[in-house]
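Coordinate-derived values only; no laboratory data. Computed from a predicted model, the values in this text were never measured in an experiment. Methodologically, a virtual Cβ is constructed for each residue, glycine included, from the backbone with ideal geometry; neighbour enumeration extends over all protein chains shown.
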Amino acid sequence: MDALTLLKERSSTLPRFMSEPGPSDADLAEMFEAATRVPDHGLIRPWRFVVLRGDDRARMGDVFADALKARKPDADEEALQAERGRALRSPVVVVVLARTKAHPKVPQVEQVVSAGQAALTLQLAAQAKGFGSVMLTGDNAYDPQVKAFFGLKEDDAIVAFLYLGTPADKVPGKQRPDPAKYVEAFGANAG
């Protein structure tokens, strides 16, 4: 598949449509090689990737449940179990982090955008290798307890929890928008 076709056919695979196996270490190494080629003003390299498999996913799930309990002390056991289960939805989870630093020419937002581009490139590389993936965030991406689990400072960010696995034979597609509705001409080229 050529690059433009890959980009035009990019899609997310919900975790319920993923199973074992997830990407191997060799697969991930290739995917990270692609992900670290993204634009990076100032060569700050703000992106970090944390790979979780097996019991490490369960540890993250426990942190998710503890964070939910701190946010919502009245959360019942069913809600806490559901939160633990979030981390176990795919064989591999890659947490994409933005470790930002003060820089005279590169604002924090540009560093986070670079990490977001790395997350998307990682997802595209996964699809190119035949894996299903989905980027999710939710409350856990912004929770101080979860951020602390990954050693992040206050200004750092969890950009995405990227869930990876083998897609089912039939993954439902989505209606895609008409790009023309999101493009406008400016100045002399306008209407």
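As a proxy for reagent exposure, 143, 74 were ordered by neighbouring Cβ count within 10 angstrom, fewest first; the result is 74, 143.
Backbone amide hydrogens, once placed in the peptide plane, bring residue 160 within less than 5 Å of 96, excluding anything fewer than 5 places away on its chain. Full extension of the chain between residue 10 and residue 30 yields a length gain of 5.4 nm, computed as 0.36 nm times the residue separation minus the alpha carbon distance.
Placing +1 on each Lys and Arg Cβ and -1 on each Asp and Glu Cβ, with no other charges, gives the range 50-138 a dipole about its Cα centre of roughly 460 debye. Remark: the residue 136-residue 186 segment gains 14.6 nm on full extension, using 0.36 nm per residue and subtracting the alpha carbon distance.
Counting beta carbons within 10 Å around each of 163, 182, 142 and listing the fewest first gives the order 182, 142, 163.
Distance between the C-alpha centres of the range 108-133 and the range 14-56: 8 Å, rounded to the whole angstrom.
Across the chain the C-alpha pair distances fall into 5 Å bins from zero in the proportions 1, 7, 14, 17, 17, 16, 12, 8, 4, 2, 1, 0, 0 percent.
Where nothing but the Cβ of Lys and Arg (+1) and of Asp and Glu (-1) is charged, how large is the charge dipole of the chain around its Cα centre, in debye to the nearest 20? Working shown, then result.
Values: 25 positive and 26 negative charges, 66 e Å.
Using Cβ point charges on Lys, Arg, Asp and Glu, the chain gives about 320 debye.
Among 174, 147, the order by Cβ neighbours within 10 angstrom, fewest to most, reads 174, 147. In the chain, a dipole from Cβ-located charges (positive for Lys and Arg, negative for Asp and Glu) runs towards its positive end, and of 28, 180, 102 it is 180 whose Cα lies farthest in that direction.
The residues packed around residue 1, meaning those with a beta-carbon under 15 Å from its beta-carbon, carry a net charge of +1 if Lys and Arg are +1 and Asp and Glu are -1. Count Lys and Arg as plus one, Asp and Glu as minus one, and take only other residues whose Cβ is under 14 Å from that of residue 29; the net charge is then -2. In summary, the lysines within cross-link reach of residue 8, defined as a Cα separation below 25 angstrom excluding same-chain residues under 8 places away, comprise 129, 170, 174, 181.
Using unit Cβ charges (K, R positive; D, E negative) and no other charged atoms, how large, in debye to the nearest 20, is the dipole of the range 117-190 about its Cα centre? Walk me through the intermediate numbers first.
On the way: 7 positive and 8 negative charges, 76 e Å.
Charge dipole, the range 117-190, about its Cα centre: 360 debye, nearest 20.
Taking all C-alpha pairs of the range 124-191, those more than 21 Å from each other amount to 57 percent.
Taking a Cβ cut-off of under 15 Å around residue 10, the surrounding Lys, Arg, Asp and Glu residues balance to a net charge of +2, with basic ones at +1 and acidic ones at -1.
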